[in-house]
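Taken together, the values in this text are just the output of simple stated rules run on the coordinates, not laboratory data. Just so we're clear, the structure is a prediction, and the values are computed from it rather than from any experiment. Here the Cβ positions follow ideal geometry from the backbone for every residue, glycine too, while neighbour counts run over all protein chains shown.
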Amino acid sequence: QAKAAGRNNVSFFDPAMQARVSARAALEADMRRALVNDEFVLYYQPLMNMDGTMAGTEALVRWKHPQRGLVSPAEFIPVAEDSNLILPLGRWVMHEACRQLAQWANDKRTAKLAMAVNVSAQQFHRPDFVEQVLEVLAATGARADKLRLEMTESLLLKDIEGTVEKMQRLRAAGITFALDDFGTGYSSLSYLHRLPLDQLKIDRSFIWAAVKEDSGAAIVRIIVALGKALNMSVVAEGVETLEQLNFVIAEGCQSYQGYLFSKPLPEPELLTLIAGL
Ligand code: C2E
Ligand code: MG
Ligand code: MG
Ligand code: MG
């Protein structure tokens with residue numbers, strides 16, 4: 001430690017850094033406690049077809065903290081990813097999303113919905129990831145062909161051979177794949193065609209830029225063309241205005257998500273929304 005500190009010319013006892021380290025450690029410890037106490041919940045954000053029907057939902061985790069209220073995944077997922085906590089949390093999310101999916105299958109108003117689940121790199125690259133997902137499907141009775149796994153570019157680029165092999169095994173069971181936040185990662189067009197992806201999700205930063213700048217509109221146009229060429233459906237993320245929706249419809253996106261239609265909702269509120277459609 002002293003050696004490292006000397007080399008980087010920062011003291012290990014830098015009080016600001018020390019404070020950050022202990023805040024992180026405290027958050028980690030608190031998350032461990034929260035997992036035991038069952039404080040995590042899933043919210044569901046609708047994925048809408050352009051004809052106004054609901055294609056499915058994306059499961060998004062929240063932390064119902066006893067003192068802090070609802071904590072955003074933007075705060076705790078990165079911490080969970082840096083520790084090994086993403087493994088039990090990711091397993092819990094997969095199980096809860098599939099349990100919900102199996103329950104929806106029993107009601108004609110929700111039976112057609114697909115469920116998208118976000119998967120972290122650490123989780124996916126575990127040697128037993130495929131078995132874990134198949135076990136959850138078997139245990140919950142959820143249909144594999146209604147489950148879609150959302151992954152990011154950086155996850156997919158790491159160990160491409162192993163990644164393709166795992167995706168193919170999951171695909172053989174009927175599971176489909178989306179590339180999340182497309183355009184924000186280490187985009188490498190050379191790998192895209194090798195991956196068995198079903199869907200590209202255009203990051204919301206491009207949807208915002210699209211109605212403001214010509215360059216933003218051009219990027220959306222290119223991503224849609226790329227998706228078509230590679231036989232993937234294209235989703236617009238983060239659609240907040242009618243102007244943005246009209247734009248992505250005109251450009252040929254097949255579906256969208258965003259606050260314009262709905263924020264992520266707890267399950268009872270999602271059912272109320274569906275009942276009103
Ligand atoms: P994501 O997978 O790209 O999810 C979309 C995020 O955009 C969600 O944030 C959603 O609430 C937000 N969003 C949707 N529509 C709009 C809109 O119109 N405007 C704006 N400003 N935002 C919109 P959320 O729920 O805070 O999640 C943030 C990120 O945390 C997710 O990004 C995902 O990367 C991660 N995450 C959430 N749940 C999980 C999980 O269960 N496992 C893993 N590994 N990551 C998760
Ligand atoms: Mg996602
Ligand atoms: Mg996204
Ligand atoms: Mg994201």
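Here are the numbers for this structure:
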read-out	value
Distance between the stretch 206-277 and the stretch 31-101 - C-alpha centres, whole angstrom	22 Å
Two-site label geometry, residue 103 and residue 132: point separation in nm, points 7 Å out along Cα→Cβ	2.3 nm
Label-point gap, in nm, between residue 274 and residue 191 - each point 7 angstrom along Cα→Cβ	3.5 nm
Distance in nm between pseudo-label sites at residue 213 and residue 20 (7 Å out along the Cβ direction from Cα)	2.8 nm
Charge context of residue 91, other residues only, Cβ under 13 angstrom, K/R +1, D/E -1	-2
Cα gyration tensor category, rounded, prolate or oblate, for the stretch 122-277 with a/c compared to 1.5	oblate
Crossing angle, helix 160-172 versus the chain [Cα axis fit, 0-90 degrees, rounded to tens]	50 degrees
Dipole of the stretch 29-90, positive direction: furthest Cα of 59, 90, 71, with charges on the beta-carbon	71
Residue 222/residue 159 FRET efficiency (R0 35 Å; Cβ-Cβ; nearest 0.05)	0.80
Amide H partners (placed H, <5 Å) of residue 114, local residues excluded	56, 57
Summed residue charge, Cβ within 14 Å of residue 33's Cβ, Lys/Arg positive, Asp/Glu negative	-1
